[in-house]
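A quick write-up on the structure given underneath.
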């Protein structure tokens, strides 16, 4: 749900043409809030990676968004599909953070890594498409 809820915000960012400094500031703010929220939730509710914490999903799709080729809605949907694929699959090093790092940093980093994997896959996909189109 965090991924889906994030899409209107990312699309708005894309349409607004936010400058790089502001975009990175927003990203880093979400990054640190997500770590803090993960730590607090784990301590308060005595749960490891509570499923109702979804800000890490927001961070993951935001990470993938940095690799977009253009600002189209299609691009955002494709990034979302790639992100969900890698978030569910949890390839290494995402699996390391998911299984071994049991704090807010681990909660955030597995989605961050999945976002990087999704973004790189998206970038490669579009570069190959451009060669053959």
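The values are calculated or read from the model by the stated rules, or taken from the named source; none is laboratory data. This one's a predicted model, so the numbers in the text were calculated from it and none came from an experiment. Note that each Cβ is placed from the backbone with ideal geometry, even for glycine, and that neighbours are counted across all protein chains shown.
Which one is modelled with the lowest pLDDT, of the residues in the range 1-60 that are in a loop (DSSP other than H, G, I, E, B), closer than 25 Å to residue 98 by Cα and out of contact with any helix residue (DSSP H, G or I) (no Cβ under 9 Å at 6 or more places or on another chain)? Step through it out loud before you land on a result.
Narrowing the range 1-60 to residues in a loop (DSSP other than H, G, I, E, B): 1, 17-19, 46-54.
Keeping just the survivors that are closer than 25 Å to residue 98 by Cα gives 1, 46-54.
If we keep only those that are out of contact with any helix residue (DSSP H, G or I) (no Cβ under 9 Å at 6 or more places or on another chain) as well, we get 46, 51.
Working: 46: 76, 51: 71.
This residue is 51.
Going through the range 61-81 one residue at a time, which ones are part of a helix (DSSP H, G or I) and closer than 16 Å to residue 113 by Cα? Spell out the reasoning first.
Residues of the range 61-81 that are part of a helix (DSSP H, G or I), as a first pass: 61-65, 73-81.
61, 62, 63, 64, 65, 79, 80, 81, listed by residue number.
Evaluate the range 62-75: report whether one residue or more is more than 20 Å from residue 18 (Cα to Cα), surrounded by 15 or more Cβ atoms within 10 Å (Cβ to Cβ) and touching a helix residue (DSSP H, G or I) at 6+ places or on another chain (Cβ under 7 Å). Steps first, answer last, please.
Initially, the range 62-75 is screened for residues more than 20 Å from residue 18 (Cα to Cα), giving none.
Taking every residue of the range 62-75 in turn, none turns out to be more than 20 Å from residue 18 (Cα to Cα), surrounded by 15 or more Cβ atoms within 10 Å (Cβ to Cβ) and touching a helix residue (DSSP H, G or I) at 6+ places or on another chain (Cβ under 7 Å).
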Condition first: modelled with pLDDT of 90 or more, touching a helix residue (DSSP H, G or I) at 6+ places or on another chain (Cβ under 7 Å) and either in a helix (DSSP H, G or I) or closer than 9 Å to residue 114 by Cβ (or both). Now tell me which residues in the range 86-99 satisfy that. 86, 87, 90, 91
Being surrounded by 13 or more Cβ atoms within 10 Å (Cβ to Cβ), within 14 Å of the chain's Cα centre (by Cα) and in contact (Cβ under 8 Å) with a residue 60 or more places away in the chain, is that true of even one residue in the range 35-49? yes
Residue pairs meeting the criteria (Cβ under 6 Å; at least 6 apart or on separate chains; first outside any helix (DSSP H, G or I), in the range 103-123; second surrounded by fewer than 22 Cβ atoms within 10 Å (Cβ to Cβ) and modelled with pLDDT under 95): 103/39
